Amino acid sequence: MNNMPLILLIEDDKAIVNFMNTVLCANQYRVLQARTGREAIALISSHCPDAILLDLGLPDMDGVEVIRTVRQWTQVPILVVSARSREQEKVDALDAGADDYVTKPFGTAELLARIRTALRHGAQESGREPLGGKLQNGGLAIDFESRQVTVDGKDVHLTHIEYKIVTLIARHLGKVLTYDYIIRNVWGSRPTVDNQILRVNMANIRRKIEKNPAEPQYIITETGVGYRMVDNAGETPE
Ligand code: CA
């Protein structure tokens with residue numbers, strides 16, 4: 001069982017550690033545990049886990065500090081598991097380099113799904129898959145070379161900015177991108193661009209790619225934080 005994914009659980013609450021440890025072991029993950037940020041950083045550099053589950057409120061340092069430190073040398077997927085529901089804290093964690101977050105209390109199925117997504121993308125990242133080529137995500141297809149976007153086989157005509165937004169989010173499939181991150185990467189860091197312009201563009205994108213723009217199936221809003229492209233990899237193509 002030694003090639004099963006190794007998950008580092010960084011958490012100081014014993015009850016949560018026990019619960020998550022049980023869930024992870026039952027699902028064939030190997031689990032390493034750290035109770036403090038310092039211990040976590042040492043374990044990450046010595047054991048190179050495949051994914052990290054990180055509580056933000058640690059006894060010795062803020063979890064965001066752990067993310068910043070670890071990101072200096074590794075792109076290992078980091079999934080923040082936090083009781084904090086304040087949006088700014090999620091934004092800070094994502095901007096520091098976290099891949100995703102789950103807010104406590106969470107369901108086991110949701111947690112496991114997020115871990116699978118994180119592991120899949122971590123493996124892709126380390127495999128250095130070229131970003132050219134195509135993405136097929138449910139009915140949505142993007143050809144990065146011909147810059148063609150189709151939904152259920154029909155051409156979608158996006159403006160230059162809309163295309164940049166969709167492909168940026170698509171290249172980070174399954175991951176939440178903050179408003180600031182998207183604005184910096186699409187427009188550059190021009191201070192004249194604010195979230196409102198992004199929202200207007202997103203409304204237009206959704207009218208073009210979603211069956212029902214009020215209930216998007218491809219790009220969903222993480223309220224107060226940003227956008228995420230849903231990974232429909234588990235779905236069978238029509
Ligand atoms: Ca804690």
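The values are calculated or read from the model by the stated rules, or taken from the named source; none is laboratory data. A quick note: this is a predicted structure, and the numbers were derived from the prediction, not measured. Note: ideal-geometry Cβ built from the backbone for every residue, glycine included; neighbour counts use all protein chains shown. What goes into the accessible areas is simple: the full protein's heavy atoms, side chains included, and nothing from ligands, DNA or RNA. Shrake-Rupley method; radii C 1.70, N 1.55, O 1.52, S 1.80 Å.
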Tell me, what % of the accessible area of the chain is carbon and sulfur with a 1.4 angstrom probe? 50 percent
Lysine pair count for the chain [Cα-Cα under 13 Å; pairs on different chains or 8 or more apart]: 4
Given charges of +1 on the Cβ of Lys and Arg and -1 on the Cβ of Asp and Glu, with all other atoms neutral, how large is the dipole of the chain about its Cα centre, in debye to the nearest 20? 340 debye
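Count neighbours as other Cβ atoms within 10 Å of each site's Cβ, and list the chymotrypsin sites (Phe, Trp or Tyr not before Pro) in the stretch 133-238 that are DSSP loop with at most 16 such neighbours. Before the final figure, lay out each step's value.
On the way: sites: PHE144, TYR163, TYR179, TYR181, TRP187, TYR218, TYR227; in loops: PHE144, TYR218.
Of the chymotrypsin sites (Phe, Trp or Tyr not before Pro), the ones in loops of the stretch 133-238 whose Cβ has at most 16 other Cβ atoms within 10 Å are PHE144.
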Protection proxy ranking of 164-172, 70-78 - average other beta-carbon atoms within 10 Å, highest first: 164-172, 70-78
Express the accessible area of the stretch 134-229 per residue in Å², computed with a 1.4 Å probe while the remaining protein chains stay in the model. 50 Å²
Counting each DSSP H run of 4 or more residues in the chain as -39500 (n - 2.57), what helix-only mean residue ellipticity at 222 nm follows after dividing by all residues, to the nearest 500 deg cm²/dmol? -13000 deg cm²/dmol
Can you tell me the Rg and the Dmax, both Å, for the Cα atoms in the chain? 18.5, 54
From the phi of every residue in the stretch 4-12, what ³J(HN,Hα) in whole Hz does the Karplus formula 6.51 cos²θ - 1.76 cosθ + 1.60 yield, where θ is phi - 60° and glycine or proline is x? 5, x, 9, 10, 9, 9, 10, 6, 9
Sorted by packing (mean other beta-carbon atoms within 10 Å per residue), highest first, where do 20-27, 59-66 land? 59-66, 20-27
Please give the per residue accessible area of the stretch 1-56, computed with a probe of 1.4 Å over protein heavy atoms only, in Å². 50 Å²
Of the GluC sites (Glu not before Pro) in the stretch 132-232, which ones lie in a loop per DSSP and count no more than 13 other C-beta atoms within 10 Å? GLU145
Could you work out how much longer the chain between THR223 and THR150 gets when fully extended? Use 0.36 nm per residue separation minus the Cα distance between them, nm to one decimal. 23.6 nm
